[in-house]
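The structure appears right after this line, and notes come after that.
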Amino acid sequence: MSTLGSEQNPLLVAIVGSGPSGFYAAEALIKSDIAVKVDILERLPSPFGLVRSGVAPDHQKLKQAIKLYEKIAESSDFNLIANVTVGSDIDVKELCESHHAIIFTCGAESDRKLGIPGEDLKGSYTATEFVGWYNGHPDYRDREFDLSHDVAVIIGQGNVAADVSRILSKTVDELKHTDIAQHALDTLAESKIKEIHVIGRRGPAQAKFTPKELREFGELADCIPIVLEQDMLLNSESASELEEKSNVANKKIYDLFCEFSKLDINSNKSRKCFFSFLMGPRELIGKSRLEKVVLEKNSLSGEPFKQSARGTGETVELECGILFRSIGYRGIPIEGVPFHESWGTIPNEKGRVIDNKNNVVPQYYTAGWIKRGPSGIIGTNRACSVETVTCLLEDLAKLDDGRKKQGAAAIFTTLESKNIRHLNYDDWKKIDAEEIERGKPKGKPREKYTYIDEMLSVTE
Ligand code: NAP
């Protein structure tokens, strides 16, 4: 048989997950100097992962990454197989038979747990659920969020917490021309929330927002950001962290908090968004639903950049009607693929999957959040996927077992034998065009379909 990677014997790669890291891996493969065929498998009928259903609707610029993914998808070496779940509709073992290599780019679909009493009380939600709901993700379409209370609490001070609190802080007018799902806009229009409390377990020098995201709180139409001046006092370790040139983003964050601390707390804006620090959640309390959160005051200990939060024993209670845990995502395991339970990632070396004895698992690769954990911005995934694909291409000779692989044809045979409806990229483009059309009368970039059946019916 011809050499693997030649026109007669192209490298066949299955990518599991069509988010940014999946598309960047496809791009790196297609741009390589060997012949490849890439099949991206996607659980939903729609591609693009968190760029479609994670990035906040009022951050349309970030969604421009999709334009690049669309270019990649136009390649004749690219194939989308959507509405197919790897692990249930098709086994990883079957993909090993049909393809030379598999890259797992399935992201981090679950959440870290706080591990405190009352965490699962009605009224306490993960940020993932809320983000998925306002972004029209079919998994969260029918969730209900009761916004009839005065006070909302968000635990965590990363960019997801910023998204959730900003969406709660904005007026309908600020959101109605975005691609926010209509059901969410309707609920938010009735929101009675007056106070939003964004709680950090460490100090203002350690918040994980990016400056652009935090700055937006100073530009809201009807909500004022509030920071207490006394909270701006730093211990010497935090002060030295902010002096480091490499820590310029955190310095900007700290300066923004200082600006917020000087704003007039008696502003006539109808909502207030409080940023509070050095407080860790200890318990959520309520009879049949959430009524209050118990927070323990923390102090920091450790060297600069390694400071952790320690409880002081002093607690305060904050009454609230709804709470969102926004403390980071975690991956979920796929049957037959090694998984690091405590990290929520697929164990790997530079993207080569390894088993629990640190042996490389032939054919298996990984990229994106399921490889390195939930960190970085969309573009971070590009370098991550390039690293993985570089390793994969270095292994080319090992990936050739001398047997002819069927690639996508074998997947289609399996799916058809199980009567599983799968969509291709042209099908997605029909859904895409319909969504854009539905958005036009409302002045929205698109009105998303939020049920899988609706999406499938567009392609019939
Ligand atoms: P993140 O940036 O890791 O922030 C998690 C937050 O939760 C931190 O403040 C962390 O505090 C806190 N936390 C963790 N465990 C906790 C616990 N047990 N109790 C209390 N607080 C706890 O995670 P994320 O906000 O989910 O964001 C994930 C990634 O997506 C990040 O890289 C983010 O920048 C990116 N993202 C970017 C954008 C954007 O560019 N616009 C939007 C959304 C998300 P510690 O610091 O003390 O651990």
Just wondering, is there one or more residues in segment 301-319 that are over 24 Å from residue 237 (Cβ atoms) and among the charged types (D, E, K, R)?
yes
Could you please find all residues in segment 127-175 being closer than 20 Å to residue 221 by Cβ, among the polar types (S, T, N, Q) and surrounded by 20 or more Cβ atoms within 10 Å (Cβ to Cβ)?
165, 169
Within segment 251-287, take every residue that is free of Cβ contacts under 8 Å to residues at least 60 places away in the same chain and aliphatic (A, V, I, L, M) and give me the one that is farthest from residue 159 (Cα to Cα).
265
Is it fair to say residue 352 is over 22 Å from residue 54 (Cβ atoms), touching a residue at least 40 places away in the same chain (Cβ under 8 Å) and either crowded, with 17+ Cβ neighbours inside 10 Å or outside the structural domain of residue 213 (by TED's automatic domain parsing) (or both)?
yes
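Which residues, taken from segment 24-35, are under 17 Å from residue 408 (Cα atoms) and crowded, with 23+ Cβ neighbours inside 10 Å?
26, 29
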Could you identify the single residue in 56, 65, 73 that is within 16 Å of the ligand (Cβ to nearest atom), at pLDDT 95 or above, among the hydrophobic types (A, V, I, L, M, F, W, C) and out of contact with any Asp or Glu (no Cβ under 7 Å at 6 or more places or on another chain)?
65
What's the number of the only condition in (1) in contact (Cβ under 8 Å) with a residue 40 or more places away in the chain; (2) within 15 Å of the ligand (Cβ to nearest atom); (3) surrounded by fewer than 17 Cβ atoms within 10 Å (Cβ to Cβ) that residue 328 fails to meet?
(3)
Under 9 Å between Cβ atoms, at least 6 apart or on separate chains: pull out the pairs that start in segment 220-233 with a residue that is more than 18 Å from residue 278 (Cα to Cα) and end on any residue that is aliphatic (A, V, I, L, M) and crowded, with 17+ Cβ neighbours inside 10 Å.
223/168; 223/196
Look at residue 290 and say whether it is at pLDDT 95 or above, in a strand (DSSP E or B) and not assigned by TED's automatic domain parsing to the domain that holds residue 202.
no
Output the qualifying pairs, or none if there are none: Cβ atoms under 8 angstrom, residues six or more apart or on different chains, first residue in segment 369-390 and assigned by TED's automatic domain parsing to the domain that holds residue 55 and within 13 Å of residue 50 (Cα to Cα), second residue within 12 Å of the ligand (Cβ to nearest atom) and charged (D, E, K, R).
374/330
Out of all the residues in segment 145-155, is one or more within 13 Å of the ligand (Cβ to nearest atom) and not β-branched (Val, Ile, Thr)?
no
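Could you please let me know if residue 75 is within 25 Å of residue 341 (Cα to Cα), surrounded by fewer than 23 Cβ atoms within 10 Å (Cβ to Cβ) and among the hydroxyl-bearing types (Ser, Thr, Tyr)?
no
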Considering each of 444, 429 in turn, give the residue that is closer than 25 Å to residue 138 by Cβ, among the basic types (Lys, Arg) and surrounded by fewer than 18 Cβ atoms within 10 Å (Cβ to Cβ).
429
For the subset of segment 285-322 comprising residues that are surrounded by 14 or more Cβ atoms within 10 Å (Cβ to Cβ) and β-branched (Val, Ile, Thr), which member is farthest from the chain's Cα centre (by Cα)?
315
List pairs: first in segment 154-167 and under 17 Å from residue 227 (Cβ atoms), second part of a helix (DSSP H, G or I), Cβ under 7 Å, 6+ apart or cross-chain?
154/161; 154/164; 154/165; 161/127; 162/213; 162/214; 166/216; 166/217
If you go through segment 186-227 one residue at a time, how many are away from the ligand (no atom under 16 Å from the Cβ), in a helix (DSSP H, G or I) and surrounded by 19 or more Cβ atoms within 10 Å (Cβ to Cβ)?
1
Any idea how many residues of segment 10-37 are out of contact with any helix residue (DSSP H, G or I) (no Cβ under 8 Å at 6 or more places or on another chain) and touching a residue at least 12 places away in the same chain (Cβ under 8 Å)?
2
Residues that are more than 30 Å from residue 176 (Cβ to Cβ) and assigned by TED's automatic domain parsing to the domain that holds residue 58: which helices (runs of 4 or more DSSP H) entirely in segment 395-460 hold 3 or more of them?
396-399, 408-417
Quick check: is even one residue across segment 322-336 at positive phi and of a type in the set (A, V, I, L, M, F, W, C)?
no
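The values are calculated or read from the model by the stated rules, or taken from the named source; none is laboratory data. In this text the structure is predicted, and so the values were computed from the model without any measurement. Reconstructed Cβ throughout: ideal geometry from the backbone, glycine too, with neighbour counts over all protein chains shown.
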